[in-house]
Amino acid sequence: MTASIPQLPLRDELFLLGHNDDTGQPHIHRQALALGMAGAVLTDLFLAGRIALDDTEDTRPGGRRLWLHLDRPVGDLIADTAITSVRYANPAPTLRGWLTWFAEDLYERTRAGLHAGGILHRTSRRRLGGLARTDVYLATDTKWAVVPRARLRYLAAGREPPDNHTAALAGLVAVLGLAAHLYLDDTNTVTTQLQAIAEQHHRPVRDITAAVDAAVGDLATAAYR
């Protein structure tokens, strides 16, 4: 199944998994999803050898600082913007601070990129008895969400060994509370399984995921004040 379509960046897969296939509505708060996507951007850059985290023993989630390991573009507009932001930051940004800053308009930028790439299409729907019109974005083909969802389901069931990309996606799906939308029976067990798989990843990827978790927690706390 996965060989029939190109593998999307982690942030794009997370965007698709974070929305209802039929309505286009997000499963979670848009800014929480954007924080997860910012973590996905960094994870892809780490796996591509572009970004590294310093070796400090700072135990606070997101306390480590970012630096460029290889200052070379990857050919993706959002990822290359992230590289540029780290290049010119002085002092080097903390992981958590960078995630919060980069996530500010990442939802809209990711959606625009998916729309421009033909993966999403925009349509209008009426609500309030037809008095109001709302634009929604839906996948042009169900395969775009089905493929990453299937990889995670196979992973949770132990049917596939975890590759770096899918293991990172598993961690982000778990901390964002999106496991319920993989359509498996026991959400708590699936979340635990995905977290266990993610815990086997490289330390920087685990740190990025933990920083996303902490930033989303801060967002939730602020919303209840």
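The values are calculated or read from the model by the stated rules, or taken from the named source; none is laboratory data. None of these values were measured; they are calculated from a predicted model. As a convention, Cβ positions derive from the backbone with ideal geometry for all residues, glycine included, and neighbour counts pool all protein chains shown. The accessibility values were calculated without ligands, DNA or RNA, using every heavy atom of the protein model including side chains. Shrake-Rupley method; radii C 1.70, N 1.55, O 1.52, S 1.80 Å.
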Out of the stretch 69-117, which residues are more than 18 Å from His19 (Cα to Cα), among the charged types (D, E, K, R), part of a helix (DSSP H, G or I) and under 20 Å from the mean Cα position of the chain (by Cα)?
Asp80, Arg96
State all residues of the stretch 189-210 that are open to solvent by less than 40 Å² (accessible area, probe 1.4 Å), out of contact with any strand residue (DSSP E or B) (no Cβ under 9 Å at 6 or more places or on another chain), in contact (Cβ under 8 Å) with a residue 40 or more places away in the chain and not hydroxyl-bearing (Ser, Thr, Tyr); if no residue qualifies, say none.
Leu194, Ile197, Val205
From the residues in the stretch 1-19 that are modelled with pLDDT of 95 or more and either part of a loop (DSSP other than H, G, I, E, B) or of a type in the set (Lys, Arg) (or both), which one is surrounded by the fewest Cβ atoms within 10 Å (Cβ to Cβ)?
Leu8
Out of Thr140, Thr123, Thr134, report the one residue that is in contact with a strand residue (DSSP E or B) (Cβ under 9 Å, 6 or more places away or on another chain), of a type in the set (Ser, Thr, Tyr) and at pLDDT below 85.
Thr134
Of all residues in the stretch 36-55 being closer than 11 Å to Leu10 by Cβ and not hydrophobic (A, V, I, L, M, F, W, C), the one that is surrounded by the most Cβ atoms within 10 Å (Cβ to Cβ)
Gly39
Pull out all pairs, ordered by first then second residue, where Cβ-Cβ is under 9 Å, the residues are six or more apart or on different chains, the first lies in the stretch 76-102 and is in contact (Cβ under 8 Å) with a residue 40 or more places away in the chain and among the aromatic types (Phe, Trp, Tyr), and the second is part of a loop (DSSP other than H, G, I, E, B) and buried (at least 20 other Cβ atoms within 10 Å of the Cβ).
Trp98/Gly62
